[in-house]
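The values are calculated or read from the model by the stated rules, or taken from the named source; none is laboratory data. Bear in mind that the values here come from a model prediction, so they are computed numbers and not experimental data. Quick reminder, even Gly has a Cβ in these numbers, built from the backbone with ideal geometry, and neighbours come from all protein chains shown.
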Amino acid sequence: MLNLINRAAVLRAEHHRPPSFNLFTLLRSASDEVRLHSRFLAFLLDPQGAHNAGAKPLQSLLEGLGIAHFDCRGATVQVEYRNIDILIRNSKQQAIILENKIHAEDQHEQLYRYVKTLQSEGFQQIDTLYLTLDGEDADSKSCKGIDYHRVSYSSDILEWLERCQAWVVREAAVRESLLQYIDLIRKLTSKDQGQKYMDMLKQTLLKDKNLLLVKDLQKAYMETLKDLQLALWQDVVEQVKQKYPELPAPCEAPTASIIDRYYSTAKNNKYYGLSYSLGFMPGSIYLELNHRFYTGYSCDVETYPHEHARLKALGEVVPNNGNTSNGLFWRYCTELNMKSPSDDHLEVLLDARSRSETAARMADDLHYLWRTARELCTEG
């Protein structure tokens, strides 16, 4: 096994492609669904877009997804219409909903509500596209039985973007932007390494019994990732304890068995984390994980409707990313993806100092929510 690791390390040093300059990630987070990905995708899909490719990009994507009935002539594309990430529609009362989910969680009856909204506006034929990095299923509570197309960045979108290059070759600014966006998607989907590097790794695995050793390494990788995640949670608890002693001990905290379940194929293996009681009123603040970490408020609406309403009102003054199923808001506090960590994410987890700094920022977010709730909900 040592020879295999040494050989892989040599190949990585010689052929691994380092991150290159990318204007998108310079200006926005790589996983910014609305302000980066939805806007750029909508730009390419818009037949009236400044790419001057007309309806070809839109037609190409729909053909690749097997959607042949939509009339692209005169189609319009809009971002964030009635909270729909991308809406494509035409004068024949046909519509396409594109829900863009890189890391965000599904909201309660989200896809179902979008379809019902468009039906109430008279649209007769509606296709729903659920776009994720790897073509995952939508939450059953979001779709509520409606049909939808699973679309992935890793195959459907990446292949479509590469097809689009031929149609924008004469538009220098668009061409360069598209190339950089393709690089970004390759990095997000772990397809950013050269084929030569991959081929040499494959040749190494075919020798001796190296492929059998990789199975052991894969298992060891997952076990190590679990250990690193547990260490991060523990770092957050310690940071809260040291920096903010006014907060109580957590009333809920991840354990090794909970983390182990997260990396399994069991159902309901998401949405767990740290929870701290507010103390001055019913409810709590939490740090949860759904591939990425996010913070928010929690309060049972049936038992404490008044307090729930007060916490919900904080959404007017505290920046947030969305609503949970109980109506309270949440916001992401780090780019770390614990389900499919990138090389950059792994480096943060492996370095004790970087991991501690990340935990400190999470602790700051938790305390900010706690302090804000105390100040605004106890006034008068």
Going through the stretch 327-380 in order, the residues found to be of a type in the set (D, E, K, R), outside any helix (DSSP H, G or I) and closer than 25 Å to GLN242 by Cα are ARG331, GLU335, ASP351
Is there a residue in the stretch 120-131 that is within 19 Å of the chain's Cα centre (by Cα), over 20 Å from ARG82 (Cβ atoms) and surrounded by 14 or more Cβ atoms within 10 Å (Cβ to Cβ)? no
Among (1) surrounded by fewer than 17 Cβ atoms within 10 Å (Cβ to Cβ); (2) of a type outside the set (Ser, Thr, Tyr); (3) out of contact with any Lys or Arg (no Cβ under 6 Å at 6 or more places or on another chain) - the single one GLY135 does not satisfy: (3)
Residue satisfying all of: in the stretch 94-119; aliphatic (A, V, I, L, M) and closer than 28 Å to PRO341 by Cα; surrounded by the most Cβ atoms within 10 Å (Cβ to Cβ) among these: LEU111
The stretch 143-160 residues that are aromatic (Phe, Trp, Tyr), paired with ones that are assigned to a helix (DSSP H, G or I) and modelled with pLDDT under 90 (beta carbon under 8 Å, 6 or more apart): TYR153/ILE185; TYR153/LEU188
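Rundown of residues vs (1) part of a strand (DSSP E or B); (2) under 25 Å from CYS143 (Cα atoms); (3) assigned by TED's automatic domain parsing to the domain that holds GLU121; (4) more than 23 Å from the chain's Cα centre (by Cα), yes/no style:
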{"position": "HIS51", "(1), (2), (3), (4)": "no, no, yes, yes"}
{"position": "GLY54", "(1), (2), (3), (4)": "no, no, yes, yes"}
{"position": "LEU58", "(1), (2), (3), (4)": "no, yes, yes, yes"}
{"position": "LEU62", "(1), (2), (3), (4)": "no, yes, yes, yes"}
{"position": "GLY66", "(1), (2), (3), (4)": "no, yes, yes, yes"}
{"position": "CYS72", "(1), (2), (3), (4)": "no, no, yes, yes"}
{"position": "VAL79", "(1), (2), (3), (4)": "yes, yes, yes, no"}
{"position": "LYS92", "(1), (2), (3), (4)": "no, yes, yes, yes"}
{"position": "LEU98", "(1), (2), (3), (4)": "yes, yes, yes, no"}
Can you spot a residue in the stretch 163-170 that is touching a Cys at 6+ places or on another chain (Cβ under 9 Å), within 18 Å of ALA50 (Cα to Cα), hydrophobic (A, V, I, L, M, F, W, C) and in a helix (DSSP H, G or I)? no
Quick check on the stretch 37-93: of everything there that is in contact with a helix residue (DSSP H, G or I) (Cβ under 7 Å, 6 or more places away or on another chain), free of Cβ contacts under 8 Å to residues at least 40 places away in the same chain and more than 22 Å from VAL174 (Cβ to Cβ), which residue is surrounded by the most Cβ atoms within 10 Å (Cβ to Cβ)? ILE84
Taking only the stretch 328-380 into account, find how many residues are surrounded by 15 or more Cβ atoms within 10 Å (Cβ to Cβ), at pLDDT below 80 and among the small types (Gly, Ala, Ser). 0
